[in-house]
Structures are given as C-alpha cells and as structure tokens.
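Okay, so here's the structure we're looking at.
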C-alpha cells in the first residue's frame, strides 16, 4: 500500500481513553484564580491536553472530544466523500487523479462522547461510554455503507472516496455500551463495543495513524479480512486483570437484524506484562461476516433507490492476532502478526439482509456466497520503533508486510505482478 499523502497540515488532540473519570479540582478559593499550571489556565493549554489530562467532569461523568483535520496533496486521490471517514490515504480501486483536498482524520478519528464511572458499592462501579465519529469538515457522522451507496451509479473514474466500515451513521458509531466494574471480579459490559482485536491493534502499532499506518488505514487487519466486523453492536464483553495477567472474552448477541455485520462473532484474549515487556494474543471466529461494496456503475436492480442498497460478500472467518511491545528508556519497540482464514459462509441469504446503517440494505441477488471455495489465507507481519523526544513529541517508523495465497478455484490462471496481476485472488504480497 503506497502512501499517497505527501503533505498535510494536521490539527490534532490526543484521543480519549476509556479510563476512570477524574473529577477536576476547583480553583483555590482564596486566590480566585486557577493554578498557573492548570490546563484550564488558557485556551491553548486546554486544547493541547488530552481528555484524561484535562477532563470535563462532574461526579463520575466526563465529556470528551477529539478533532483531527487537515488539507493535503494526494498523488492518487479522489474527491472526499460526504459520508466517508477519510480520504484515500492508500491506493484504492477508484484512485487515479491528483488532488489537493481536505484530509480529515489522518492521525486519529474525530469523535465526541461521554463516559461514566460512578461508584455504587464498595469495590463496584457503574461504567459506560457513548462515542461517535464524524468528519470535521462536513460535520456528518461517519457512515461506511452510505459512502458506498452514494457511488452506486458512478464508474470508478468518477467516484468520491468510499469505504466499507463498521461505522454506519449511528450516533454512537464508535462505541455505546454500559456495564459494571469490580475491583476483584473484573468488568462486564453490554452494547456497541470494539472487537477485542481492534482495541489492541492501535496500542501495538508503532505508527498508529489512519493516514500513515497500513494497520490504521484498513479494518481488514483487526477484522480478519472483513472491515465491518471491527465493532460489534450487541457485544457481551468480560475483562479480568490478575496481577500482571489479563483475560478477556467477547461474544455477539443476535445477528444482522440487530445492527451487526455478521450472523455471529466471538473472540478471546490473553495477555501479560513482564516489566517493560507487554504482549497479547487474540483468537477470533465469525459466521457469515459481511464485506459491503458499491455497485460502482454496474447494472442496478430495478425498483430500488440506488442510495439505499449495497452488495455484500459473505465469509466464515477464523483469525489469530499476536502482539508484543518492549520499552527501553525513551524507545518503544513493536512486533505483530495477524493471520486470517476465510471460508465460504454457512448461509447464503438469497433474499438479502440489512446492513448496520439505517435504511441501507443488501437486496435479493446481491449476496456473493461462493467467493472462498478455495479458502483465503491472509497474513500480516510488522515491526517498528517509536522514540520519545519530548513529553509531547515523538517520532516513529514501521514496516508492514502482507501476503495471501492463490484462492482462485481454477489453478494456473494467475499471471503478471504488482499492478498488473491478472486477478485480485492471486497469490502475492505488499509492503509499506
């Protein structure tokens, strides 16, 4: 994946974390003014602080937000889509023009939200998060299926940026869950939640950027070949830390009718810290996981509003994610590996099904259920380093390598290499 963004002006604030909310102490009553070093002492100090360093809290409730905008030049770009999360920071099938354009969400995703962490008994707390991602220029909620549908009538050369995404226009398209936390028994939550694999990936990515990291650009890594399963709309999630060990398990309740992008999905995580060394592993299974796509100027089915339909390819997936990170003085070293295996789905859904986006669905005849007669085996390995120059300034570098097998049903069809490969199902690799 060659990076297209050559130059950009990015205005960023550190993204929020789901940590215990901290109550802001009031200014000293005798002085009548905030402390000199308070993050509330000036607008710049407030904007330059993270939500954890400078929380807007009352009791156990904290309001947070993050804005990431920019303007950039893309050698292989397309105009920014109204519902898309980002510009074409990597070469996509509709790339091909040179553009100066607005470039939102290059470092992180712009979000708004509120989180709760309130004690209700000794050792027990009520917790919750509601967070939505948006485009800071259009102020629209990110909606992957809508960005695809908006290009149904346009051939590739005339499309705006569009992406299959787990964010589908919900007001809580990032996360929206509630639960309880116990000092001794762990954390149990229910609702719209990041997949365990997705939550971990940013922490183990040396670059950790939407525009400049292969892992950050595409959800196919933490979704094990399927972008739209990186969040589960009806997830039951349990987490437990014991000394230096950690365990988590997550399962999906309901299927497509409940706003999910798969009929079923479950993951389990194990991890540990040993001094400055941290590592985690995740195993995932999903049934009938849906990858959504635009018609891209192909013939549309009669009788449907083009802005309300998309196509889908289904797969049963198995995935493994292994991650490690080591801290040495001002350096952090990273290494990671993911493996995804995609099979034909358990069900065909000949009559179609709803997408996670309200009002957008897959019509009858628009489901591909035989794409993986030969299973696809998709592997990624990466390594990198981050060096902290100052408390608020760091430099990082990473190398990412993907490979896949030839999963065409008929052997001997593949020819060419690179951009001239005869079929996207041919074996090959790429790096960035």
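Tabulated results
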quantity	calculated
Over the chain: helical MRE at 222 nm, DSSP H runs n ≥ 4 each giving -39500 (n - 2.57), nearest 500	-1000 deg cm²/dmol
Sites residue 392 and residue 203 - FRET efficiency at Förster radius 25 Å, r taken between beta-carbons, to 0.05	0.85
Alpha carbon centroid spacing (whole Å) that separates the stretch 391-426 from the stretch 133-160	25
Residue 247 versus residue 413: modelled label distance in nm, points set 7 Å from Cα along the beta carbon direction	4.6
Additional length obtainable on full extension of the chain from residue 171 to residue 304, 0.36 nm per residue less Cα span	45.3 nm
Cut-off 19 Å, label 7 Å out along Cα→Cβ of residue 118, residues of the stretch 168-184 by amide N	176-183
Where Rh is the Kirkwood radius over Cα pairs, Rg/Rh for the stretch 210-262	1.09
Normalised per residue, the volume of the convex hull around the Cα set of the stretch 244-329 (Å³)	149
Residue 157-residue 58 pseudo-label distance in nm [points 7 Å out on the Cα-to-Cβ vector]	5.8
Burial order of peptide ranges 358-365, 71-78 (average beta-carbon count within 10 Å, highest first)	71-78, 358-365
Mean Cβ count within 10 Å, highest first, over the residues of peptides 268-274, 217-223	217-223, 268-274
Highest to lowest packing among 171-177, 390-396, 207-213, 225-231, scored as the average C-beta count within 10 Å	225-231, 207-213, 171-177, 390-396
Sites residue 422 and residue 190 - FRET efficiency at Förster radius 45 Å, r taken between beta-carbons, to 0.05	0.45
Within the stretch 390-410, backbone nitrogen closer than 17 Å to the virtual label 7 Å beyond the Cα of residue 370 toward Cβ	407-410
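Readers should treat all values here as calculations from the given coordinates under stated rules, not as data from a laboratory. Here the structure is a predicted model, which means the values were calculated and not measured. Positions of Cβ are backbone-derived with ideal geometry, glycine not excepted, and every protein chain shown enters the neighbour counts.
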